[in-house]
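A.B. asks: A single structure is presented below for examination.
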Amino acid sequence: DDVLRVLEAAQDNSRLKDQDQSGGVYYLLAEAYRQKGEADKATTYYDKVIGLASPSIYLLQSKIGKGMVLIFQKKFEEARKLLAEVIESGSEDNVLAMKARFALGELEEQEGNPNEAVKYFMLVAVLYKNDTYGSQALFKAAGLLESQGKPVEARRAYEEIVQTYAESPLFEQAKKRI
């Protein structure tokens, strides 16, 4: 709450005339409100970044954040569109595409499409060797595969976590599932 007060005061600061500075403040406010579960306030600030006259360095991150809020609100088509825009942007920042694909996996899972969710999670695991998202994506895919009655495929995903992500907080859980 203290951080929110500081950021809200900063957005009113007339010295923040640079769009990247104001975009940064709006993005941080949006993220803080999303973390607090205040979807409407988060959306308001994501929209401020997205609506800036010239693209902000926070534009794609804001689209991902807003997409995650929309998933939470069960507005799947709107979320899918925003997340696809991030992937199709051709950004050189692979982390953004990875986060967008992971969010699409969560979207498909929540929408009741486990096969599509597994595809997105496995894409994250294969395309990006990221310690955090790679192990989470494999773990989510494995759980979905188990729930679909595919124990062999699930075991392979758990084994990949154990072999590749020994430092992951999911390492022990994956080891037990093998």
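The values are calculated or read from the model by the stated rules, or taken from the named source; none is laboratory data. Fair warning: this is a prediction, and the values are worked out from it, not measured in the lab. For neighbour counting, all protein chains shown are included, and Cβ atoms are generated from backbone atoms with ideal geometry for every residue, glycine included. In case anyone asks, the SASA skips ligands and DNA or RNA and just uses the protein heavy atoms, side chains included. Shrake-Rupley method; radii C 1.70, N 1.55, O 1.52, S 1.80 Å.
A.B. asks: In the full protein assembly as shown, how much of K36 is accessible to a 1.4 Å probe, in Å² to the nearest 10?
C.D. replies: For K36, solvent-accessible area is about 100 Å².
A.B. asks: Also, quick follow-up: Counting just the Cα atoms, what span does the chain cover along each of its three principal axes? Round to the nearest Å and put the largest first.
C.D. replies: Projected onto the principal axes, the Cα atoms of the chain cover 59, 32, 30 Å.
A.B. asks: Another question about this same structure. Report the calculated FRET efficiency for K36 and V152 (r = Cβ-Cβ distance, R0 = 41 Å), to the nearest 0.05.
C.D. replies: Values: r = 41 Å, r/R0 = 1.01.
According to the calculation, E is roughly 0.50.
A.B. asks: Follow-up question, since we're still on this one. Could you list the trypsin sites (Lys or Arg not before Pro) in segment 87-178 that lie in coil according to DSSP, counting only those with at most 12 other Cβ atoms within 10 Å of their Cβ? Before the final figure, lay out each step's value.
C.D. replies: Working: sites: K99, R101, K119, K129, K140, R155, R156, K175, K176, R177; in loops: K129.
Those that pass, being in a loop and sparsely packed, are K129.
A.B. asks: Tell me, what is the percent relative contact order of the chain, built from C-alpha pairs under 8 Å that lie six or more residues apart?
C.D. replies: Details: 215 pairs, mean separation 19.3, N = 178.
That works out to 11 percent.
A.B. asks: May I ask you to derive the relative contact order of segment 71-175, considering only C-alpha pairs under 8 Å and at least 6 residues apart, and to give it as an integer percent?
C.D. replies: Numbers: 112 pairs, mean separation 17.9, N = 105.
RCO, segment 71-175: 17 percent.
A.B. asks: Give me the percent of the accessible area of the chain that comes from carbon and sulfur atoms, probe 1.4 Å, all protein chains in place. Numbers along the way, then the final one.
C.D. replies: Working: 4930 of 9860 Å².
Within the chain, the accessible surface is 50 percent carbon and sulfur.
A.B. asks: While we're on this one: Can you give the accessible area per residue of the chain, in Å², using a 1.4 Å probe? Walk me through the numbers before you get to the answer.
C.D. replies: On the way: 9860 Å² over 178 residues.
For the chain, the per-residue accessible area is 55 Å².
A.B. asks: Could you derive backbone 3J(HN,Hα) for segment 40-50 from the dihedral phi with the Karplus parameters 6.51, -1.76 and 1.60 (θ = phi - 60°), listing whole Hz in sequence and x where the residue is Gly or Pro?
C.D. replies: Those phi angles translate into 5, 5, 4, 4, 4, 6, 4, 5, 5, 5, 4 Hz.
A.B. asks: Looking at segment 28-98, which GluC sites (Glu not before Pro) are DSSP coil and have at most 10 other C-beta atoms within 10 Å of their C-beta? If you can, show how the numbers build up before the last one.
C.D. replies: Working: sites: E31, E38, E77, E78, E85, E88, E92; in loops: E38, E92.
Of the GluC sites (Glu not before Pro), the ones in loops of segment 28-98 whose Cβ has at most 10 other Cβ atoms within 10 Å are E92.
A.B. asks: Testing the spin-label approximation: label points 7 Å from Cα along Cα→Cβ at L52 and E111. State their distance in nm.
C.D. replies: Calculated label separation equals 2.9 nm.
A.B. asks: Further, regarding this structure: I178 versus T164, label points 7 Å from Cα toward the beta carbon: distance in nm?
C.D. replies: Roughly 1.5 nm, to one decimal.
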